[in-house]
Structures are given as C-alpha cells and as structure tokens.
Amino acid sequence: MAYYYPEPSHTFSEYLLVPGYSSPDCIPSNVSLKTPLVKYRKGQEECPISINIPLVSAIMQSVSGEKLAVALAKEGGISFIYGSQTIESEAAMVARVKGTKAGFVNSDSNLTPDMTLADVLAIKEETGHNTMAVTADGSPNGKLLGIVSSRDYRVSRMDLSTRVSEFMTPLEKLITAEEGTSLKVANDIIWDHKLNSLPIVDKNGNLKSFVFRKDYDQHKEQPLELLDTQKRYMVGAGVNTRDYEDRIPALLAAGADVLCIDSSEGYSCWQAQTLKWVREKYGDTVKIGAGNVVDGEGFRFLAEAGADFVKIGIGGGSICITREQKGIGRGQASAVIDVAKARDEYFKETGIYVPICSDGGIVYDYHMTLALAMGSDFIMLGRYFARFDESPTNLVMVNGSYMKEYWGEGSNRARNWQRYDMGGNKKLAFEEGVDSYVPYAGSLKDNVNLSLSKVRHTMCNCGALTIEELQQKAKMTLVSATSIVEGGYHDVLLHQHDTKK
C-alpha cells in the first residue's frame, strides 16, 4: 500500500521562532549572512563559491535578467539567468553581466549624431539616464563621437528637432581613459578633472564603459558585492535536461560562475544523466545545482548523482499551480526540515557538505529567517525580486496602482516546456503556472537591505551571529490558527490619517 507521512505538511506561516539568550555582542551589525553556495568538505577546506547574503533570484523570464543580476551581485547575492530562451541569447546575457566590472558601467542609453533632442528626452524618460553616449552606430560599443548630458541642452530654448550633433559635447572636448584603466585610477581622473563621468575606450576609439562620479560613494557602500578574481560580478545560469550538451559549454564560455538545472521536479533519471555528463566532461571544475525535491530521498538521489547544491520546493511558488494541476508537492517548511536532516546525515557519512536552497513559499520577510533556521543555506526568490525596478518586466498601472508583470515558467506566456519535461513530446501539455501582476516595490537595493535587516535582528533575538549558529540554536514552535490571528493587530480600530492635509 502507499506510504503515508505521519504528519501533515506545514508551511512557514505555521511556525514561529522562540527567542534565545542574546549576548552583548549580539547586535545586527555583527551578524554575518555569508553562506556556502556549492558543495565542499566542511571543516577541511574553504567553500569554492560562497555568497555574502543568502538570496538568489529564480530562473524565470520575469525575474532574472542581466540588470537584476548586476543589482543583486552588488548586494552580495547571485542571479540565475533564465534558461527558457535560445542558447545564444542566454549566453549573451551572461557575457554582458560578466562584462560589467565593479564600478564600470555598460552604456545602455546610446545615441547617433543624427538623432534629435526629442529622441534624447524620450530615452531619458524611459531609462532615467542623464548621460548618454553618442557613437557612430548608436551601439553601446561603437566608435565614441561624444556624449550628451543634461547640461548640453535646454528644452525651453531649443527645438525638439535639433540634431544631437549640434549640441553634444564632442570627443575632442572629452577626457577619456584607455581600456584596462583600474577603477582607482579612473576615479582619480574623475576627481582631478572635476568630471561627472569618464568614458573608457579601447585603442580603436570604441566605447567600452563609463565610470561615474556618483558611483564612487555607492561603490564604497557595497562591501558585500559578489565579485570574481577579475572584479567582475558573479552570475549563475539555468540549464535544462534536453540541450545541456550544447547550452552548458556556451554558458561556460560566456563566463557563468555556476549553473543550475531548472526543473519543477528533480528526482528523475534526466537530472542524473545531466549531472553525469557534466562530471564526465568537466569533473568538479563546473559547479551545478539540481532540483527540485521535497524529501530526504530526493536529496540523497541528487547528492549522489553529483549535484553541487540541491533546491527544495514543489508547488509552493506564488505563481505555481503544480499542486492544483497534478496533486504533487509538499508544504515548504516540512520539505526544508526533511531535506536539511538528510543533508546533515549525508555530511556525517561522507564529509561532503551539500548546501540546500529553499525555493518558493516565502510570503513575508520573516519566512526568510525561518527557512534559514530550518536548515536552508540560501533562498531562491521569484515574486520577491519581480517587484523591483531591475526585473525585466513592464511597469504597468492596474486599478490605480503601479504593478510589475510576473508570470510562471509553466504558464502559456513562458511556455518553458523543458522545465516540466517528462521525456515526452516537446511541448507544454497543460499549464503549471499563471500570468499575473505583483505590486511595484521600488529598487532592489532598498528592499533587500530592509528584508535582511529584519533577518539580522531576528537572528540576534535567537542569540545567533551566523546562519550556521542560527540553525544550531533556533527553537521553533508550531502555531495554531487562533494564534496566527493573534500575531497581527487585533481588537483595535486603526487610526485613519487625513491625507488631504
């Protein structure tokens, strides 16, 4: 007969942390959120890749584009560029992220000399950028002819049809620096010449990037940014179990630091075959995660198959309807607890620590802390990041409120059949995700800092200064339906502020 789990599966909202003793050193500024991303021999060696905050972005069209990848790396996390696109376009995205050195900004607002002031204003309205490169072909890396900044024109005194060539600051009046100039030297040039921006050009006069004065202080305020040995931002990429023999080499050539098999259900021969191919071709030099699973058995299968980390979660995403459609899955809290136990048992047996990632089920910021306390080494988020300026989707007005578009990989819009592949026809048989909107929330930086501030404060309440210490010291209690109601405001009438004053 079928196996029945002895307890119902639980979600994060059904748990609370019970405070522990906080020592004088237990203050949020002392908390480290650094965490391992890939497997290693814990206690014997350093983890090959660690991230400075325990947040990674989901492998989704509506979440992980190149702009968000750079923004998240600046805060210390890592993005996994979505794989539901052509090999060429995904590799190009990875290459553009890797082409962005810390402090060096790729030019994504560009003009040709024949464009007009009207074009400048339209680009400014769309991107918010005041400084735009003028190149021969209007491309980000074309031959630099000049720049246009807000001090080069005055809308009230100029005709909108005025050509860019008539009011731009031409190349001969610009101070530039050669490709290969260090960030320190570039900043020195900016300060010595009182510049707002410094174009970096190659020996042929082609634009490579900009260094901005305003970024200097911001760069100093980003001590956690995730960089490789060449000061480039680190980035991950999603792969599938169909075209991996072509996709993986292309992504590695583009500079991807880590890969992850993107699948709704990872306990399969297809993932084992993909991992086997990677290990036979690259050994342990290529880092690749796998998933998703919801129990210890699934974890053990992927760990033994060679996964560098294992993702947990089926049906818990805000746009996922797998449980409704197929009746499979497990409450995210129960899944994380079970897999964390298997992870620890595997480590005791082998000496190899395989990090686990909670993917889905995060509704409130405190769920992040619960996921970490239950054993997750890091957390993958979709809806959370989709709300931000840096996500690749459109900002739209819905019923008087600003929203961002957000759709699942199993939706008709994404049609990512590879993610739900069961070895059959190359098509999406039925939807396992929805097409939706999420409330616009502003910049990634501000929101991530706020969320992680809550995590750090809660960790201090539990007497923990590291994620590992939190997992050792955490005390958790299941909560009843009545106590969940008690947790919010109740038995009061909220004061309505007069917004007309």
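The values are calculated or read from the model by the stated rules, or taken from the named source; none is laboratory data. All values derive from a computational prediction rather than experimental measurement. A quick note on method: Cβ atoms are made from the backbone with ideal geometry, for glycine too, and the neighbour counts reach across all protein chains shown. Just so you know, the surface numbers come from the protein's heavy atoms only, side chains and all, with ligands and any DNA or RNA stripped out. Shrake-Rupley method; radii C 1.70, N 1.55, O 1.52, S 1.80 Å.
At a threshold of 8 angstrom on Cα-Cα distance, excluding pairs fewer than six apart, so keeping six or more, what relative contact order does the chain reach in percent?
Values: 1032 pairs, mean separation 104.5, N = 501.
Averaging sequence separation for qualifying contacts and normalising by length gives 21 percent for the chain.
Would you please calculate the Kirkwood hydrodynamic radius of region 1-83 over all C-alpha pairs and express it in Å, rounded to one decimal?
Across region 1-83, the inverse of the average 1/r is 16.8 Å.
Residue 341 versus residue 18, label points 7 Å from Cα toward the beta carbon: distance in nm?
My value for the distance between the label points is 1.9 nm.
What's the FRET efficiency of residue 469 with residue 126 using the Cβ-Cβ distance as r and R₀ = 60 Å, to the nearest 0.05?
Step by step, r from the Cβ atoms, then E = 0.85.
What aspartates and glutamates does residue 276 reach when the alpha-carbon gap must be under 17 Å and sequence neighbours fewer than 8 apart in one chain are set aside?
By straight Cα distance, residue 276 reaches 243, 245, 246, 262, 284, 304, 308.
Take the alpha carbon gyration tensor of region 186-247, find the square roots of its eigenvalues, order them as a ≥ b ≥ c, and report rounded if a/c is under 1.5; if not, report prolate when a/b exceeds b/c, else oblate.
On the way: a/c = 3.91, a/b = 1.84, b/c = 2.12.
The shape class here is oblate.
State which entries of 67/231; 124/454; 67/184 exceed 26 angstrom in Cα-Cα distance in the structure shown.
Correct reply: 124/454.
Would you mind pulling out the separation of the Cα centroids of region 353-382 and region 295-310, in Å?
Between the Cα centres of region 353-382 and region 295-310 lies a distance of 17 Å.
If each residue of separation counts as 0.36 nm, what is the full-extension length gain between residue 304 and residue 157 once their alpha-carbon separation is subtracted? Numbers along the way, then the final one.
Working: separation 147, 0.36 × 147 = 52.92 nm, distance 7.01 nm.
Gain in length upon complete extension: 45.9 nm.
Lysines within cross-link reach of residue 281: Cα-Cα under 22 Å, excluding same-chain residues under 8 positions apart?
Filter leaves 39.
Evaluate the charge dipole of the chain about its Cα centre and quote only its size in Debye, nearest 20, assuming +1 on the Cβ of each Lys and Arg and -1 on the Cβ of each Asp and Glu.
480 debye
How much length is gained if the chain between residue 454 and residue 477 is pulled fully straight, taking 0.36 nm per residue apart and subtracting their Cα-Cα distance, in nm to one decimal?
This chain segment gains 6.3 nm when fully extended.
Answer with one residue from 78, 40, 91: the one whose Cα lies farthest towards the positive end of the charge dipole of region 1-144, charges on Cβ with Lys, Arg +1 and Asp, Glu -1.
40
Name the residue farthest towards the positive end of the dipole of the chain from the options 55, 158, 207, assuming +1 on Cβ of Lys and Arg, -1 on Cβ of Asp and Glu, about the Cα centre.
Most positive-ward Cα: 158.
In the chain, which longest range has no chymotrypsin sites (Phe, Trp or Tyr not before Pro) that are both DSSP loop (not H, G, I, E or B) and surrounded by at most 11 other Cβ atoms within 10 Å?
22-429
Given a 1.4 Å probe and every protein chain left where it sits, what share in percent of the accessible area of the chain is carbon and sulfur? Walk me through the intermediate numbers first.
Values: 12130 of 24280 Å².
The C+S portion of the solvent-accessible surface of the chain is 50 percent.
Determine the calculated [θ] at 222 nm for the chain from helices alone, applying -39500 (n - 2.57) to every DSSP H run no shorter than 4 residues and normalising by the residue count; nearest 500 deg cm²/dmol.
Helices in the chain give a 222 nm mean residue ellipticity of -9000 deg cm²/dmol.
Of 299, 275, 253, which is farthest towards the positive pole of region 208-311's charge dipole, taken about the Cα centre with +1 and -1 on the beta-carbons of Lys, Arg and Asp, Glu respectively?
Highest projection toward the positive end goes to 253.
So for the chain, considering every pair of alpha-carbon atoms, how many percent are separated by more than 42 Å? If you can, show how the numbers build up before the last one.
On the way: 29874 of 125250 pairs.
It works out to 24 percent of all Cα pairs.
Taking a probe of 1.4 angstrom, what is the accessible area of residue 495 in Å², to the nearest 10?
Roughly 140 Å² of residue 495 is accessible to a 1.4 Å probe.
For region 161-211 and region 105-132, what is the separation of their C-alpha centers, rounded to whole Å?
Answer, in whole Å: 16.
Of all DSSP beta bridges located in the chain, what percent are antiparallel, nearest 5?
Bridges in the chain are about 55 percent antiparallel.
Beyond 23 Å between alpha-carbons counts as too far, so tell me which of 98/208; 74/194; 101/311 fall in that bin.
From 98/208; 74/194; 101/311, over 23 Å: 74/194; 101/311.
Tell me the label-point distance for the pair residue 325, residue 399, using the 7 Å Cα-to-Cβ offset, in nm and rounded to one decimal.
2.5 nm
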